[in-house]
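Inspection log for the structure reproduced underneath, given as C-alpha cells.
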Amino acid sequence: MKNKKILAHTVIVLLLVVPIISISDSTLQLLGTSTNINKPIKKIIDNHYTNLKDSKSYNLKPIDVQLIKSTPKSSITVPETYKVSGTAWSDPPGSWWDTDWEYRVNVTISETAGFDRDDWPVDIFIRFNPPAHKYSIRVVEVTALGFNEIPSQVWNITYFNSTHLSSATVTFLVDILGNTYKRYQIYWSTDTADPPAIVKES
C-alpha cells in the first residue's frame, strides 16, 4: 500500500513538471519556432541564441577625442540695425533677411581642426541691446544664394521683463567642412512676434 502511494505521488509530480519543460507546437509557432511538442525548452532557447549571435556583428568606432576637444570657433559682431530713429537705413534692405526684424548680429563659424562636421551644435551667447521680444529670435544662414532660416533653440535666458530678454544663449546646428568657415546671422525685434514656425529641412 505504501508503494502505491509513492507511485501515485510520483505520477502527480510528473504531471506538474511536464507542462513546464514542454511547449506545444501551436505555442512555438506563435514564437516563430517550428519544433515538436517534446523538444526541451533549453534547446529551443539555445538555438535562438545561436542564431541571434550569428545574425549580425557590429564594430563600434572609437570616440575621436581630438574631434570633441577641437570644436569650431565662433566670432560675433556688435549688434546692427537697419534703421535709425525708425526712418533712416544703415544697410540696404536687400542685404537684410527680413525688415520686420530690426536688429541682428553677424556670426562667423570657423572650422580650424580639419574635421568635416555634420549637425554640429554651436552655442552663441548674446546680450540683446535693445532687449529682444522673447519670440522674435531667428537664426539665418548666409549663402551665395541668399538667406536660409534654420532651426534654433533659445536657453540660458535672462529676462528684461515678462516679454523681453536681456540676454540668452542661442544654439543651432551647422554642417561645415574642415578648414572652412560659414556665416550666420541672428535676428531679433523689440516688437511683439509669434513663436518661430518649425523649419523643415529640404
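Please treat every number below as a calculation from the coordinates, not as lab data. If you're wondering where the values come from, they're calculated on a predicted model, not measured in any experiment. When we count neighbours, we look across all protein chains shown, and the Cβ atoms used for this are built from the backbone with ideal geometry, even at glycine.
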task = Provide Rg over Rh for segment 65-188; use the alpha carbon set for both Rg and the Kirkwood Rh (inverse mean inverse pair distance).
result = 0.99
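Of Glu149, Glu111, how do they rank once you tally other Cβ atoms within 10 Å and put the fewest first? Don't jump to the answer; show the numbers that get you there.
On the way: Glu149 16, Glu111 21.
Least to most surrounded, the residues fall as Glu149, Glu111.
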